[in-house]
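First the structure, in the form of structure tokens, and then the observations on it.
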Amino acid sequence: MMRFELGLRNRTQSRPKECGPDRGFVHCGSLIPLFSVHGLASREERALGVRRDHAMALFGFRFVKGRFTGVSAIRAGGQTALIGGLAAAAAFGIARLIFIRVIGETNTTGTNA
């Protein structure tokens with residue numbers, strides 16, 4: 001699907017040189033949501049901050065892509081943020097179930113309360 005949206009072409013000899021900076025930008029961009037939570041005090045504040053920032057990053061990146069591909073940018077950003085949030089919730093739920101089955105307790109705070 002991306003091939004048709006973005007007009008991707010067949011590989012050429014110069015393709016790796018063109019893609020390298022793009023991939024570097026994407027990987028650096030994925031760290032941006034983590035920078036804003038360093039000053040937050042509690043674990044809950046940091047968790048909420050990371051969730052908020054990742055949702056904003058998903059929306060923003062897909063919004064920009066939607067502008068370039070000619071689809072509704074708001075709709076594309078909203079769909080991506082929603083699907084990303086659902087995927088993250090599903091992954092968290094599965095990990096939580098595995099943790100409870102293996103460890104056998106629900107206390108994840110690291111304290112012996």
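Things to note:
- Checked across the stretch 48-68, the condition of being closer than 24 Å to Arg23 by Cα, of a type in the set (A, V, I, L, M, F, W, C) and assigned to a loop (DSSP other than H, G, I, E, B) holds for no residue.
- Some residue of the stretch 73-87 being within 28 Å of Ser42 (Cα to Cα), assigned to a helix (DSSP H, G or I), modelled with pLDDT of 85 or more and over 18 Å from the mean Cα position of the chain (by Cα): no
- Taken over the stretch 65-98, the residue count meeting the criterion of being closer than 15 Å to Arg52 by Cβ and basic (Lys, Arg) is 0.
- Pairs are defined by a Cβ separation below 7 Å, a sequence spacing of at least 6 or placement on different chains, a first member in the stretch 45-69 that is on the phi < 0 side of the Ramachandran plot, and a second member that is surrounded by fewer than 16 Cβ atoms within 10 Å (Cβ to Cβ) and acidic (Asp, Glu); the pairs so defined are Thr69/Glu5.
The values are calculated or read from the model by the stated rules, or taken from the named source; none is laboratory data. All values reported here derive from a predicted model rather than from experimental measurement. Methodologically, a virtual Cβ is constructed for each residue, glycine included, from the backbone with ideal geometry; neighbour enumeration extends over all protein chains shown.
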